[in-house]
């Protein structure tokens, strides 16, 4: 049995145990801690486990169906282990900060989401990769509908909107994946095994037109899940309405599934399709929508949860920019930013949830001067906010800088193409981030306090999850190589495919 | 031991129970129920242990009309399992059902399902249309009685009358179709029909007419559009165990006949093959849409399950239209059987929860499900799982069946049907998940815990585990069902 199977099953077992009546908080926090330690151990050991291997470390596969070949296969490369680490950290923080008066369903849902995310990131079989993500979506939607913020009507409508968007997105994604499987299994036998599909894609790539069509379908499917503009409008209301642990886990972890899917499936299997000019230009247009349009939208928000939710949509644009450049530096930056954004947004949502519990509102014009009574809280919030802006020294900065640099010089080409223009546009996003985050920070923590509105610092036990996340931001920001060292072998194949595809595309244009 | 002995035993047991009820009116319900359930369980055990799979083991007088292939054995097993589950459900529902009968007794309730079961088992092995017709009538006539069993309920009476009239009409159409087929091909056996249909001198129009009437008659039985309108009313009016029986047992029986009929009509080089295929595609796509779109507006869960049953029939018809799938190594009949096997636990589980609510004095509307998550966490989780599986969520049994159907549709490039099937699946997500959200919503009509007896709990757990096992590890079931194709490949 691969240790990764334990990582996936542990949260699911914890959820079952809590449902059966085990003491919720102890079981929940205990299993999350155990899993965090396990994942840390696996990451620590990753170099030796993956040494000399072309594919995945900690591999195992259990065949569940012969034809079409589907197996419960797990394995980790650098990308998967980084995201598993993100999942373990956020899950631990999310279940720790659930206050004792909440019912057990909060813990159950959090563990189901975490288990689904682990499964999605660690599966080496397209079927299970998809299925685990679906598994994580259901508790998310049920929690928003039944335990979310806002009045009954509002959260029901938000939950339905989210269900429709994500349901349709998942169906488009499934259609694209099945098409992919059908195309790459022309040998007569259908297989969902990612390695077999990769081998087939390397041996006999599809014609470029077909690649582009499938890549675009998958981009729409995965893009809906990551709230790619203009398929994003579910995300901000959903995060604002979601219960705190669900908002932390979904925006921090689960949303990265779409980006993960693009790197894991689309880039290696359909490089010429993804990097063909038509798909690229469409993607650049959409991601600029994420950064610039959503940037303005965020500036105009009046409530902290709306600011955070919209900023989370906006920041996805940078990661898409990194994917779209496809260079080594840009891809590493994208992966680092996936991790950093997950940690920082989880920290911010967690703190915002605590604030809402204490004063009952997150309207920016009703808050003010909160810093006076809660210095620790203020500092923790500052960590999240400044990371989100991209302050040097915190993890997001490293990711963003790498994306911008990596996208500007694409494989040594000197021409100033659409990608470079997109970078120029995207840079303005940093300014907008600074505007809304600093404004929110100032109006919440500085100035004069409203009568009766004050918060207290979290007690020592309640500080644990937030301090942990802030510390991770700092460590990953100062020493990003700790994480990026894990993401090496799989990167080379990706950039090779990307550079060949981009070169052939530019050649075709210049001819 | 011959399978026929088991079937005869079931039919005779049914008759004996009927006699006991008539001549010993004082016998308790419990005795009848335990005799009936015990007899079926015995038959089930015998079937899976000592029954012979060889056609030669059948008595000589039935051998011309019956053949034991793996498809037949599979459906016979399915019939036994569903009958046992239905009898158990009847026993569970007895307290509330007996309020609706004239004399407060339920005796035929425990004998007729045995006769239905024998009929379905014979039907599964039938090799000619006359045997099909006779066994189909044995099943249908018993169902006429069962549907209208709750005499004091007006809904049940309405359901009974509707089912009787439409059922009789469809039987007429079926016989009409059989007559045309016999006229065109000169044969009543499936083999003879396909042999005649590949000869160019067979006249096409009469064969086509026969096929169309045959499909229409069978379409009534499996609830295919445009012959589906009886389903919601009958499902709503019939007692819950009978609805379960209709939606799984009767449907499976209809599909085994439809599989064999379609296989013989669409045999390779058949002169009417393309037309039958087109007809099935249109029927299937229409059935999916007419099942899933109206389901959006339903407030009663029983009616919702009725519409869902229609749309599932649509996917099955589409699978039949696609023919054998070389890519997945399964015959179209194998895909249908796989789908029905996965359909069984989820549907029975759904109706089981309905039955428990009913016994606790609750209604069958979606609003009655509100707060179920608090009142009985176990049933709430089990029902959510069943509904998720009906919607076709990955990792549940329902996904695998749909996957095979969709792969077949893509392989054959039937894009129009694929679009309809996708729309059906997408709307399915809406109406099943609406119910799941209701289950876990906070506000409920009452919050006192439901009284659930240990047997229901056990049953719910077993069915829920079956759904997950079939969804996560479908390999054994698929292997059992992909045998027919290998055998067929060898003989060619």
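I'm trying to understand the selection: among the residues of region A:144-156, which are part of a helix (DSSP H, G or I) and away from chain B (no Cβ under 12 Å)?
Initially, region A:144-156 is screened for residues part of a helix (DSSP H, G or I), giving A:144-147, A:152-156.
A:153, A:154 - these are the residues of region A:144-156 that are part of a helix (DSSP H, G or I) and away from chain B (no Cβ under 12 Å).
Out of all the residues in region B:441-463, is one or more surrounded by 21 or more Cβ atoms within 10 Å (Cβ to Cβ), part of a helix (DSSP H, G or I) and without any contact (Cβ under 8 Å) to a residue 60 or more places away in the chain?
No.
From B:164, B:155, B:146, B:89, grab the single residue that is farther than 27 Å from residue B:361 by Cβ and in a helix (DSSP H, G or I).
B:164
Limited to region B:404-435, what total is found for residues that are within 25 Å of residue B:338 (Cβ to Cβ) and at the interface with another protein chain (Cβ under 8 Å from one of its Cβ atoms)?
Matching residues across region B:404-435 total 9.
I'd like the full set of residues that are in contact (Cβ under 8 Å) with a residue 24 or more places away in the chain, under 20 Å from residue B:107 (Cβ atoms) and surrounded by fewer than 18 Cβ atoms within 10 Å (Cβ to Cβ), limited to region B:142-187.
Answer for region B:142-187, where residues must be in contact (Cβ under 8 Å) with a residue 24 or more places away in the chain, under 20 Å from residue B:107 (Cβ atoms) and surrounded by fewer than 18 Cβ atoms within 10 Å (Cβ to Cβ): B:145, B:151, B:152, B:157.
Out of curiosity, is residue B:96 in contact with a helix residue (DSSP H, G or I) (Cβ under 7 Å, 6 or more places away or on another chain), surrounded by fewer than 18 Cβ atoms within 10 Å (Cβ to Cβ) and in contact (Cβ under 8 Å) with a residue 12 or more places away in the chain? Working first, answer last.
Values: in contact with a helix residue (DSSP H, G or I) (Cβ under 7 Å, 6 or more places away or on another chain): yes; surrounded by fewer than 18 Cβ atoms within 10 Å (Cβ to Cβ): yes; in contact (Cβ under 8 Å) with a residue 12 or more places away in the chain: yes.
In short, yes.
Could you check, for region B:51-69, whether at least one of its residues is more than 28 Å from residue B:190 (Cα to Cα) and in contact with a helix residue (DSSP H, G or I) (Cβ under 9 Å, 6 or more places away or on another chain)?
Taking region B:51-69 as the starting set, the residues that turn out to be more than 28 Å from residue B:190 (Cα to Cα) are none.
No, because not a single residue in region B:51-69 is more than 28 Å from residue B:190 (Cα to Cα) and in contact with a helix residue (DSSP H, G or I) (Cβ under 9 Å, 6 or more places away or on another chain).
Confirm whether residue A:133 is within 15 Å of residue A:249 (Cβ to Cβ), more than 10 Å from chain B (Cβ to nearest Cβ) and not in a strand (DSSP E or B). Quick ask: steps written out before the conclusion?
Working: within 15 Å of residue A:249 (Cβ to Cβ): yes; more than 10 Å from chain B (Cβ to nearest Cβ): no; not in a strand (DSSP E or B): yes.
Spelling it out, it is not the case that residue A:133 is within 15 Å of residue A:249 (Cβ to Cβ), more than 10 Å from chain B (Cβ to nearest Cβ) and not in a strand (DSSP E or B).
Which one of these is under 21 Å from residue B:400 (Cβ atoms), at pLDDT below 85, under 27 Å from the mean Cα position of the chain (by Cα) and within 13 Å of chain A (Cβ to nearest Cβ): B:470, B:481? Write out each step before concluding.
Values: B:470 fails: at pLDDT below 85.
The conditions single out B:481.
Based on what the data block shows, is residue A:253 within 14 Å of chain B (Cβ to nearest Cβ), buried (at least 24 other Cβ atoms within 10 Å of the Cβ) and farther than 23 Å from residue A:69 by Cα? Don't jump to the end; show me each part of the working.
Numbers: within 14 Å of chain B (Cβ to nearest Cβ): no; buried (at least 24 other Cβ atoms within 10 Å of the Cβ): yes; farther than 23 Å from residue A:69 by Cα: yes.
Spelling it out, it is not the case that residue A:253 is within 14 Å of chain B (Cβ to nearest Cβ), buried (at least 24 other Cβ atoms within 10 Å of the Cβ) and farther than 23 Å from residue A:69 by Cα.
Got a sec? Which of B:350, B:373, B:398 is within 14 Å of chain A (Cβ to nearest Cβ), in a helix (DSSP H, G or I) and under 18 Å from the mean Cα position of the chain (by Cα)?
That would be B:398, the only listed residue that is within 14 Å of chain A (Cβ to nearest Cβ), in a helix (DSSP H, G or I) and under 18 Å from the mean Cα position of the chain (by Cα).
Within the group A:128, A:118, which residue is out of contact with any helix residue (DSSP H, G or I) (no Cβ under 6 Å at 6 or more places or on another chain), modelled with pLDDT of 90 or more, part of a helix (DSSP H, G or I) and buried (at least 24 other Cβ atoms within 10 Å of the Cβ)?
A:128
Within region A:150-191, can you find the residues that are more than 22 Å from residue B:428 (Cβ to Cβ) and surrounded by fewer than 19 Cβ atoms within 10 Å (Cβ to Cβ)?
Scanning region A:150-191 gives A:150, A:151, A:152, A:153, A:154, A:182, A:183, A:186, A:187, A:188, A:189.
Those residues that are free of Cβ contacts under 8 Å to residues at least 60 places away in the same chain and within 8 Å of chain B (Cβ to nearest Cβ), I need them from region A:165-195; list them, please. Give the derivation first.
Applying the first criterion (free of Cβ contacts under 8 Å to residues at least 60 places away in the same chain) to region A:165-195 yields A:167-168, A:170-172, A:174-176, A:178-179, A:182-183, A:186-188.
Of everything in region A:165-195, those that are free of Cβ contacts under 8 Å to residues at least 60 places away in the same chain and within 8 Å of chain B (Cβ to nearest Cβ) turn out to be A:167, A:168, A:171, A:175, A:178, A:179, A:182, A:188.
Since residue A:160 meets every condition but one in (1) within 27 Å of residue A:229 (Cα to Cα); (2) touching a helix residue (DSSP H, G or I) at 6+ places or on another chain (Cβ under 7 Å), which condition does it not meet?
Here residue A:160 meets the rest and fails (2).
Residue-wise test of (1) surrounded by fewer than 20 Cβ atoms within 10 Å (Cβ to Cβ); (2) over 29 Å from residue A:479 (Cβ atoms); (3) in contact (Cβ under 8 Å) with a residue 24 or more places away in the chain; (4) under 26 Å from the mean Cα position of the chain (by Cα).
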| residue | (1), (2), (3), (4) |
| --- | --- |
| A:371 | no, yes, yes, no |
| A:380 | no, no, yes, yes |
| A:385 | no, no, yes, yes |
| A:405 | yes, no, yes, yes |
| A:430 | yes, no, yes, yes |
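Go through the residues of region B:208-220 one by one and say whether even a single one is in a helix (DSSP H, G or I) and without any contact (Cβ under 8 Å) to a residue 40 or more places away in the chain. Step through it out loud before you land on a result.
To start, the set of residues in region B:208-220 that are in a helix (DSSP H, G or I) comprises B:208-220.
Now narrow it down to the ones that are without any contact (Cβ under 8 Å) to a residue 40 or more places away in the chain: B:209-210.
Checking region B:208-220: at least one residue is in a helix (DSSP H, G or I) and without any contact (Cβ under 8 Å) to a residue 40 or more places away in the chain.
Every residue in region B:380-395 that is assigned to a helix (DSSP H, G or I) and at the interface with another protein chain (Cβ under 9 Å from one of its Cβ atoms), please. I'd like the intermediate steps shown before the answer.
Start the filter on region B:380-395 by keeping residues that are assigned to a helix (DSSP H, G or I), which leaves B:380-391.
Scanning region B:380-395 gives B:381, B:384, B:388.
Restricting to region B:469-479, count the residues that are touching a helix residue (DSSP H, G or I) at 6+ places or on another chain (Cβ under 7 Å) and assigned to a helix (DSSP H, G or I).
So the answer is 4.
If you check A:142, A:113, which single one turns out to be buried (at least 24 other Cβ atoms within 10 Å of the Cβ) and modelled with pLDDT of 90 or more? Step through it out loud before you land on a result.
Details: A:142 fails: modelled with pLDDT of 90 or more.
Within the list A:142, A:113, the selection yields A:113.
The values are calculated or read from the model by the stated rules, or taken from the named source; none is laboratory data. Because the structure is a prediction, the values reported are computed rather than measured. Please note: Cβ atoms are built from the backbone with ideal geometry, for glycine as well, and neighbour counts cover all protein chains shown.
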